[in-house]
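Heads up: the structure comes next, in structure tokens.
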Amino acid sequence: QVHLVESGGGLVQAGGSLRLSCASSGIIFSMNAMGWYRQAPGKQRELVARIASDGSTTYADPVKGRFTISRDNAKTTVYLQMNSLKPEDTAVYYCNARRFQVYWGQGTQVTVSS
């Protein structure tokens with residue numbers, strides 16, 4: 001059974017930093033593309049960043065230069081380092097694994113106060 005478990009969310013002031021982690025099990029982690037998505041109240045879920053199995057990365061425009069996605073294949077974990085946080089970054093952040101199927105974690109709340 002596949003499990004993606006996010007952690008590291010919380011409340012932070014604008015300009016602060018958080019590091020999200022997503023620990024996986026039940027998948028061949030190194031062969032999966034991993035991604036972070038977010039969903040703010042009343043809005044659709046949107047891509048934040050993704051990292052392919054070869055380590056190449058893609059970022060949504062609003063987070064470029066502030067967020068960094070990385071992966072540790074030995075720990076089967078993907079990370080999202082979030083710096084210079086803004087109130088508009090407030091959302092539930094979800095981890096995503098994609099190869100032949102798509103799997104989602106349960107999400108972790110990030111709240112940025114102004």
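The values are calculated or read from the model by the stated rules, or taken from the named source; none is laboratory data. Since we're looking at a predicted model, the values are computed, not measured. Heavy atoms of the whole protein, side chains included, go into the accessibility calculation; ligands, DNA and RNA do not. Shrake-Rupley method; radii C 1.70, N 1.55, O 1.52, S 1.80 Å.
Would you check the accessible area of Ser70, probe 1.4 Å, heavy atoms only, in square angstrom rounded to 10?
Accessible area, nearest 10 Å²: 50 Å².
When a/c is below 1.5 the answer is rounded, else prolate if a/b is larger than b/c, else oblate, so apply that to region 1-53 with a ≥ b ≥ c taken from the square roots of the Cα gyration tensor eigenvalues.
Prolate.
Just to check, using Stokes-Einstein with a Kirkwood Rh over alpha carbon pairs, what's the diffusion coefficient of region 61-114 at 4 °C and 1.567 mPa s in µm²/s?
101 µm²/s
Got a number for the accessible area of Val2? Probe 1.4 Å, square angstrom, nearest 10.
Roughly 40 Å² of Val2 is accessible to a 1.4 Å probe.
Counting pairs of alpha carbon atoms under 8 Å apart in space and at least six apart in sequence, what relative contact order in percent does the chain give?
Relative contact order for the chain comes out at 36 percent.
Where Rh is the Kirkwood radius over the Cα pairs of region 53-92, the temperature 37 °C and the viscosity 0.692 mPa s, what D in µm²/s does Stokes-Einstein return?
Working: Rh = 11.5 Å.
So the translational diffusion coefficient is about 285 µm²/s.
When only the heavy atoms of the protein chains count and the probe is 1.4 Å, how do Arg98, Arg19 rank by accessible area, highest first?
So, going from the largest accessible area down, we get Arg19, Arg98.
Please state the relative contact order of region 64-114 as a whole percent: Cα pairs under 8 Å, 6+ residues apart?
Reported as a whole number, the value is 30 percent.
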